[in-house]
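Here is the structure we will look at, set down as structure tokens.
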Amino acid sequence: MYDYDVAVIGAGPGGYVAAIRCAQLGMKTACIDKWVNDKSRSSPGGTCLNAGCIPSKALLDSSHLYESISKEAQDHGLEVTVKNLNLERMHARKDNIIGNFSKGISGLFRKNSVEHLPGTASFVDKNRIAVTDLQGNVNEITARHIIVATGSVPGTISVAGIGTNIIDSEGALALDEVPVDLGIIGAGVIGLELGSVWRRLGANVTLIEAQTDFLPGVDKDVAGNALSIFKSQGLDIILGANILETEDDDDYVTLTYSDGKNEKELEFDKLIVAAGRKPNTGGLAIENAGIETDSRGFIVTDEHCRTSAETVYAIGDVTNGPMLAHRASYDGILVAEAIAGNSRTRNYDHIPWIIYTWPEIAWCGLTEQELIKSGTPYKKGRFPFMANGRAHAMHSIEGFVKLLSSESGEILGLHIIGPNASELINTGVTAMSNHLGYDDIISEIHAHPTLTETLHEAALDIENRAIHI
Ligand code: FAD
Ligand code: NAI
């Protein structure tokens with residue numbers, strides 16, 4: 001009696017993964033998404049694919065290659081110079097990756113018999129959605145269950161409204177020339193990643209951050225090391241800044257801030273606002289389904305991702321929790337399986353966090369400061385990339401691995417700043433998810449020469465028996 005068993009609103013990494021898993025489990029599934037590309041064609045993949053994870057990593061890789069060729073090629077015996085920076089071509093490569101992946105998601109929808117409905121959804125009631133398609137036609141559909149996966153949008157701050165030269169992260173991924181002076185409000189994940197991109201390509205980058213601590217959620221050893229490395233790379237990072245006003249002229253932006261003692265003025269060609277993101281429920285009419293939100297606008301869910309409306313689930317960025325693509329996909333699978341009768345409780349304790357600067361920063365589990373604060377006795381091992389052969393071969397020896405365990409040896413936290421930290425971190429995720437001990441890492445054979453040997457050595461260091469330090 002319903003048109004669909006499940007209707008998913010949003011085709012980001014939460015929504016499209018949930019829709020595919022629902023279909024795999026035999027449910028008749030529709031997935032509605034409003035994202036269109038510059039040719040006004042539907043582009044499933046959400047923020048992550050269209051304006052987040054993938055385009056930012058494409059530019060990070062392009063700019064890393066540019067910097068490596070410009071600064072390191074000589075050391076490798078390669079006498080090359082970059083003749084010209086063709087930004088248009090760099091963006092075209094990025095856009096091509098997005099286009100191909102978006103087509104890939106459409107293909108996966110077809111393969112799994114998920115009905116993709118391009119358009120904007122809004123609730124009529126807890127089982128009924130009005131879908132306005134890309135031509136403006138409105139069609140109502142009904143579903144036994146609805147999954148809200150509408151993600152998030154850039155947060156705004158009153159003193160820096162988006163305008164000609166004040167832009168958000170989406171604008172910062174599409175700049176058509178390298179700014180001479182680039183300001184970024186917020187020295188968080190987006191600020192550091194996009195700041196790195198434009199610094200490597202030649203901009204003078206200044207990050208203006210309200211908090212006095214740099215990366216307060218990150219283990220202090222790692223954050224401290226990162227701050228000095230980023231400064232040495234040329235990122236100007238101002239902490240404890242109270243931004244008082246900005247003025248967006250035709251040619252440049254003026255920003256005034258107080259450092260607690262004095263008022264200071266800075267001038268930029270472009271200013272990126274990267275001060276956090278907020279849940280996206282605009283136009284969804286969630287009140288028609290009786291869906292509750294918290295004081296910050298996130299849809300309230302229980303540990304099974306159920307909302308206050310019994311037929312409706314919500315996943316990913318639109319709900320409170322880590323604003324990460326892999327968290328959204330994890331939620332999506334959990335909900336699809338719950339609807340199919342296999343209810344599990346969500347648990348983000350061992351989720352990996354990554355900042356894709358160079359060196360990369362990655363962590364999972366508890367920080368040393370959290371262990372101290374909770375009074376948990378712990379052991380610690382640390383190993384620098386400076387003492388790892390592969391890191392030298394790669395010309396990337398900054399940073400270290402820090403492994404934290406309980407007194408009895410169970411791994412409680414892994415913190416890495418170094419080359420390919422994003423790939424190394426999953427050893428920690430596997431270990432912690434399976435309650436392994438540091439002795440399990442010690443007893444494994446790690447291939448030589450690899451960066452993973454740093455994890456082995458950090459585990460050995462817990463017993464003061466690391467070989468190479
Ligand atoms: P989204 O990806 O935001 O998708 C929501 C979808 O819902 C969108 O397509 C939207 O158009 C659609 N939608 C919204 N409302 C409606 C409606 N009413 N009707 C129909 N459709 C609707 N995370 C990582 O894990 N790794 C990274 O490297 C990373 N890099 C990032 C870089 C940047 C610059 C940014 C901005 C974010 C980054 N993130 C990263 C965060 C990541 O993008 C999000 O956590 C992730 O996209 C959330 O997935 P989601 O499915 O919840 O929502
Ligand atoms: P963020 O929370 O990481 O950083 C925002 C920063 O802006 C904070 O340090 C905050 O103190 C600062 N800030 C806020 N208001 C300010 C003000 N008025 N003046 C000065 N500073 C101010 O958020 P960000 O970087 O916008 O990213 C949003 C989300 O996207 C993140 O939470 C993250 O989960 C996700 N993301 C993940 C990535 C990854 O996994 N590699 C990459 C990019 C984004």
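The values are calculated or read from the model by the stated rules, or taken from the named source; none is laboratory data. Computed from a predicted structure; not experimentally measured. Every residue, glycine as well, gets a Cβ built from its backbone with ideal geometry; the counts of neighbours run over all protein chains shown. For accessibility, only protein heavy atoms count, side chains too; no ligands or nucleic acids. Shrake-Rupley method; radii C 1.70, N 1.55, O 1.52, S 1.80 Å.
If you go through the range 281-320 and keep only what is in a loop (DSSP other than H, G, I, E, B), within 13 Å of ligand 1 (Cβ to nearest atom) and open to solvent by 20 Å² or more (accessible area, probe 1.4 Å), you end up with T281, G282, G283, A285, T301, N320. Number of residues in the range 134-149 that are within 29 Å of the chain's Cα centre (by Cα), open to solvent by less than 50 Å² (accessible area, probe 1.4 Å) and either of a type outside the set (V, I, T) or under 17 Å from P44 (Cβ atoms) (or both) equals 4.
So which residues in the range 150-189 are assigned to a strand (DSSP E or B), of a type in the set (A, V, I, L, M, F, W, C) and within 16 Å of ligand 1 (Cβ to nearest atom), if there are any at all?
Taking the range 150-189 first, the residues assigned to a strand (DSSP E or B) are 152-154, 166-167, 181-185.
Okay, now just the ones that are also of a type in the set (A, V, I, L, M, F, W, C), so 153, 166-167, 182, 184-185.
Passing the criteria: V153, I167, L182, I184, I185.
In the range 241-263, is there at least one residue being open to solvent by 30 Å² or more (accessible area, probe 1.4 Å) and either outside the structural domain of G191 (by TED's automatic domain parsing) or under 30 Å from H415 (Cα atoms) (or both)? The answer is no; no qualifying residue exists.
Checked against (1) in contact with a strand residue (DSSP E or B) (Cβ under 9 Å, 6 or more places away or on another chain); (2) within 16 Å of ligand 2 (Cβ to nearest atom); (3) open to solvent by 10 Å² or more (accessible area, probe 1.4 Å), H116 passes all but condition (2).
Every test in (1) within 14 Å of ligand 2 (Cβ to nearest atom); (2) more than 21 Å from E170 (Cβ to Cβ) is passed by A285 save one, and that test is (1). Restricting attention to the range 321-346, the residues that are without any contact (Cβ under 8 Å) to a residue 40 or more places away in the chain, more than 26 Å from P154 (Cα to Cα) and either open to solvent by 30 Å² or more (accessible area, probe 1.4 Å) or within 14 Å of ligand 2 (Cβ to nearest atom) (or both) total 3. The numbered conditions (1) outside any helix (DSSP H, G or I); (2) of a type in the set (V, I, T); (3) touching a residue at least 60 places away in the same chain (Cβ under 8 Å) are all true for I105 except (1). For the range 21-43, which residues satisfy the criterion of being at pLDDT 95 or above, away from ligand 1 (no atom under 13 Å from the Cβ) and open to solvent by 10 Å² or more (accessible area, probe 1.4 Å)? R21, A23, Q24, L25, G26, M27, K28 - these are the residues of the range 21-43 that are at pLDDT 95 or above, away from ligand 1 (no atom under 13 Å from the Cβ) and open to solvent by 10 Å² or more (accessible area, probe 1.4 Å). Look at (1) open to solvent by 10 Å² or more (accessible area, probe 1.4 Å); (2) more than 20 Å from the chain's Cα centre (by Cα) and you find that L182 fails only one, number (1).
Scanning the range 73-96 for residues that are open to solvent by 50 Å² or more (accessible area, probe 1.4 Å) and either part of a helix (DSSP H, G or I) or within 16 Å of ligand 2 (Cβ to nearest atom) (or both) yields Q74, D75, H76, E88, R89, A92, R93, D95, N96.
State all residues of the range 194-235 that are of a type in the set (D, E) and surrounded by fewer than 17 Cβ atoms within 10 Å (Cβ to Cβ); if no residue qualifies, say none. Step through it out loud before you land on a result.
Quick first cut of the range 194-235, residues of a type in the set (D, E) only: 209, 213, 219, 221.
Within the range 194-235, D213 is the sole residue that qualifies.
Assess whether V205 counts as being among the β-branched types (V, I, T), assigned to a strand (DSSP E or B) and more than 14 Å from ligand 2 (Cβ to nearest atom). Here the answer is yes, as V205 does meet what is asked.
Where strands (runs of 3 or more DSSP E) sit wholly within the range 321-433, those with at least 3 residues that are out of contact with any His (no Cβ under 6 Å at 6 or more places or on another chain) and within 16 Å of ligand 1 (Cβ to nearest atom) occupy 353-355, 360-365.
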